[in-house]
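The values are calculated or read from the model by the stated rules, or taken from the named source; none is laboratory data. Every value quoted in this text rests on a predicted model; they were computed, and no experiment measured them. Cβ placement follows ideal geometry from the backbone for every residue including glycine, while neighbour counts extend to all protein chains displayed.
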Amino acid sequence: MTEHAAVSASYKEAILFLVTAGLVVPLFHRLRISPVLGFIGAGALLGPSGLGRLTEAAPWLSNVTIGNRTEIAHLAELGVIFLMFMIGVELSWERLRILRRLVFGFGSLQVIVTSAVLGGVLMLLGVAPAAATLVGLALALSSTAVVLPVLAEQKRLNAPAGRASFAVLLFQDLAVAPVLFAIAVLGRKDGGALSGLALALGQAAVALAVLVVAGRLALRPLFQLVARTRSTELFMAACLLVIAATALVAAASGLSMTIGAFVAGLLLAETEYRRAIEATIDPFKGLLLGVFFVSVGMNLDPAELVRAPVAVLGLALALIAVKAAIIVAVAAALRLPRPVAIESALLLGPGGEFAFVLLGGAIATGLVPENVGQAALIVTTVTMVLIPGLAALARRLSARSDRRNLGRARAEPPPPDRQPGRVIIAGYGRVGRLVGEMLARHKVPYLALDLDAARVAEQRRLGKPVYFGDSANTEMLRRCGIATARALVVTLDQPSAVEAAVLTAKAERPDLTVVARARDARHARALYEMGVDDAVPETIEASLQLSEAVLVDVGVPMGHVIASIHERRDEFRALLKRKEEAPAPEFAARRTVGKAG
């Protein structure tokens, strides 16, 4: 019985965590709250500072509390290792290139200025410079694990504020690795200060060089060999082996295990197995990160919050206010729109999960006093709890800004007709923008109309001649100079909207050249009957472009290909302009294939 009890006790923490995950994840998803907050709360409740305090008075509580911090700490460290590995895998030079201005401009300034201000405040309060710097850096970071899911749920990731917030979070993730390295080096106690630092740097450089060289030489052949087996289990084992091996090599050289995992992720990001690795590791990362957040909650003392709730909440709000003000100021310096700056500030103002990683390591190595670190962790936790509410507030402010943009767009009339011979573009989405760019390249003046107020405001800031208006409104077309326009290009994506714009334009000016975007051949035929000069069906045009590409790629001379494509396009146009109800059999078959594709 005693042996069985010992075995049960050894598995108790793991069983409690699995039960917690089974309850927390679905419940918090249903409540539309990040499960991260649920794991932190569960850790605080079930940890030694929560219900664990009552085990002496009620021994039965020991069955539902987590008392073995060591076992949980090992699993939590694995969660951070997997997180850093996934950050390395998800990074790509292409992503950094596209967002380079926001990542290395907005992101770097936010981290540097915020950590400097917060560190300076802590030094004024009597904290040692080294500790103040590390705490300032930790508090400058924001929560990738909470902010990105909130943005995804609001469908704001591709909005300007979503891209700006993502870029800052990406730079913060990049900044974590060198800070962890600095903590590992500064925390070494062997040797004198300078000699110990030099030895640590030398060991780190050698270890990183070995990891990079060995990784470049061995990782791709290893995964090629594993992929040939077509064994999902073996591929998963190879992923886990790479993470464990690189983490252990880094630890043996005196670095943090997370640094080794991060380097391994960076190396694998350059291979063709990147997506498969992400899909394989993601479940492990999510589960182990849950353990990490439970361990974070275990280290928090709810009694501190109960003892001084006003002080803790005041410090949390002060942290958000300081970070938000800095973000707005940095965004203004980079000339980001004010609504984008305010929404980003509310999302990034709270602290993040990496504060627990950095401060945990700094406290363990003695670089940060425990009382200072614990206070910072409690404040960070409170700010993270406020993220969903702040995100909702940011969304409402963004919607109000969109309404103001709509009002300004409606109030701004098209320019007077001082430039005859313009081309009018109805719709300025992706297709309309490309048409406008090609007209500008050939120095053909144009004017565009669109009913998306946010798009109009954005394009106006870029200096484009885009105005808010309905292209099916006769008075709007008159104000845009349809009487002297050279042509009308209708690029709207809704067939009914295309037809309404064509009918209005032709009723106002029957001789106007009209080129319209068509959904398919049937829609193109209807547009030709309305009097358009050219209708461009998306399915047919895509087929012709694919045909052109494959013919050139297989070696057919370019001149012959272009001539045959133009000839086939003319055949299609002639078929579409016929008055018969049904097209030729050959054309009907081709159209069916186009729809299936």
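For the range 1-58, the candidate set comprises residues that are at pLDDT 70 or above and of a type in the set (D, E, K, R); within that set, the residue that is farthest from ALA355 (Cα to Cα) is GLU56. Applying the set (1) under 20 Å from GLY432 (Cα atoms); (2) at pLDDT below 75; (3) part of a loop (DSSP other than H, G, I, E, B) to GLN545 leaves exactly one unmet item: (3). Checked against the criteria, ALA500 does not count as modelled with pLDDT of 85 or more and either over 21 Å from GLU538 (Cβ atoms) or buried (at least 20 other Cβ atoms within 10 Å of the Cβ) (or both). Restricting to the range 213-234, and then to whatever is of a type outside the set (A, V, I, L, M) and surrounded by 19 or more Cβ atoms within 10 Å (Cβ to Cβ), can you tell me which residue is farthest from ALA177 (Cα to Cα)? Looking at the filtered set, the residue picked out is PHE223.
Summed over the range 452-472, the residues that are of a type outside the set (Asp, Glu) and surrounded by fewer than 18 Cβ atoms within 10 Å (Cβ to Cβ) give a count of 5. Starting from the range 50-75, take each residue that is in a helix (DSSP H, G or I) and list its partners that are crowded, with 16+ Cβ neighbours inside 10 Å and modelled with pLDDT under 70, counting only C-beta distances under 7 angstrom and pairs at least six apart or across chains. Listed by first residue and then by second, the contacts come to GLY52/GLY67; GLU71/GLU13; ILE72/GLU13. Here GLN419 fulfils each of the conditions (1) at pLDDT 80 or above; (2) over 19 Å from VAL502 (Cα atoms) apart from (1). Of the residues in the range 177-189, at least one is at pLDDT 80 or above, in a helix (DSSP H, G or I) and within 24 Å of the chain's Cα centre (by Cα).
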